[in-house]
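First comes the structure, then the notes that go with it.
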Amino acid sequence: MEERLDRRFFARPALEVAPDLLGRRLVHESPEGTVAGIVVETEAYCGVRDAASHAFGGRRTARNEVLWGPPGHAYVYPIYGMYLCFNVVASEPGSPEGVFIRAVEPREGIELMARRRGLSDVRKLANGPSKLCIAFGITRELNGADVTKGPLYFTAGEDAGEVAVSRRIGVDYAGADAERPWRFLVRGSRFVSRPP
DNA sequence: TGTCCGATTGGT
DNA sequence: CCAATCGGACAG
């Protein structure tokens, strides 16, 4: 059983944690079964100074509260009335940074993922932020969960190889910050949400 | 309480 | 390109 990533791993700027999460193994052990996969796409959200961040300008609400807390906790929130997004809190308490998990390459529990998604094409099971929440059985109940202790966690995984960088997706409203190269991908992976 | 809109997805 | 679908943020 591989050791999970600890608190110190996440207690760094999101811009360091985001690329470092590539190649890591994301695991979720649920009553339905265990699923796991390799993280192939992430984005950094850099707190109060980042116009694309939920905490931009110091915003602190019921929704983004866990972002303001200690690193290594899951920030799960609903979007578009029908989907969820999953982040891991980075940095330190009072510094609301997060790493958005955008795509995972399925490795274990593929049948369960396929059942949850209603698809069999492995490439399409978790190649998007909300798709992976469905495939991994990540629910709103996991908002605030400690990924250094609970059923949802990361392990060292494998070497990510070359990392590609691009602007973040779906944040055009953020003006100049939408242009920043804060999206990270495993170069050449066929399991990303879209090419760099 | 009312309005506006989204860190998406899947189909046209 | 566009609709689905509704919780959350914020104005009034």
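Scanning the range A:172-196 for residues that are over 16 Å from the mean Cα position of the chain (by Cα) and in a loop (DSSP other than H, G, I, E, B) returns A:ARG180, A:PRO181, A:ARG187, A:GLY188, A:SER189, A:ARG190, A:PRO195, A:PRO196. Would you check which residues across the range A:44-59 are surrounded by 13 or more Cβ atoms within 10 Å (Cβ to Cβ) and either on the phi > 0 side of the Ramachandran plot or away from DNA strand B (no atom under 11 Å from the Cβ) (or both) and list them? Once the filter is applied, which keeps residues that are surrounded by 13 or more Cβ atoms within 10 Å (Cβ to Cβ) and either on the phi > 0 side of the Ramachandran plot or away from DNA strand B (no atom under 11 Å from the Cβ) (or both), the range A:44-59 yields A:GLY47, A:VAL48. Of all residues in the range A:138-154, those being outside any strand (DSSP E or B) and either within 16 Å of DNA strand B (Cβ to nearest atom) or of a type outside the set (D, E, K, R) (or both) number 11. Of the residues making up the range A:165-187, those that are out of contact with any strand residue (DSSP E or B) (no Cβ under 8 Å at 6 or more places or on another chain) and either at pLDDT below 95 or surrounded by fewer than 16 Cβ atoms within 10 Å (Cβ to Cβ) (or both) are A:GLY170, A:ASP172, A:TYR173, A:GLY175, A:ALA176, A:GLU179. A Cβ distance below 9 Å, combined with a sequence gap of six or more or placement on separate chains, defines the contacts here; from the range A:148-164, residues that are more than 27 Å from A:PRO195 (Cβ to Cβ) and at pLDDT 95 or above reach residues that are in a loop (DSSP other than H, G, I, E, B) and of a type in the set (Phe, Trp, Tyr) in the pairs A:LEU152/A:PHE136. Among residues of the range A:98-119 that are over 27 Å from A:LEU15 (Cβ atoms), those with a beta-carbon under 7 Å from a residue that is within 16 Å of DNA strand C (Cβ to nearest atom) at least six positions away or on a different chain give the pairs A:ARG116/A:ILE134; A:ARG117/A:LYS131; A:ARG117/A:ILE134.
Looking at A:GLU2, A:GLU41, can you tell me which residue is more than 10 Å from DNA strand B (Cβ to nearest atom) and in a strand (DSSP E or B)? The conditions single out A:GLU41. One residue stands out among those in the range A:70-87 that are of a type in the set (Gly, Ala, Ser) and under 17 Å from the mean Cα position of the chain (by Cα): the one that is farthest from DNA strand B (Cβ to nearest atom), which is A:GLY72. Residue count for the range A:60-69, restricted to those that are within 12 Å of DNA strand B (Cβ to nearest atom), assigned to a loop (DSSP other than H, G, I, E, B) and not polar (S, T, N, Q): 1.
The values are calculated or read from the model by the stated rules, or taken from the named source; none is laboratory data. None of the values given here were measured: they were computed from a predicted structure. Using ideal geometry, Cβ is built from the backbone for each residue, glycine included, and neighbour counts are taken over all protein chains shown.
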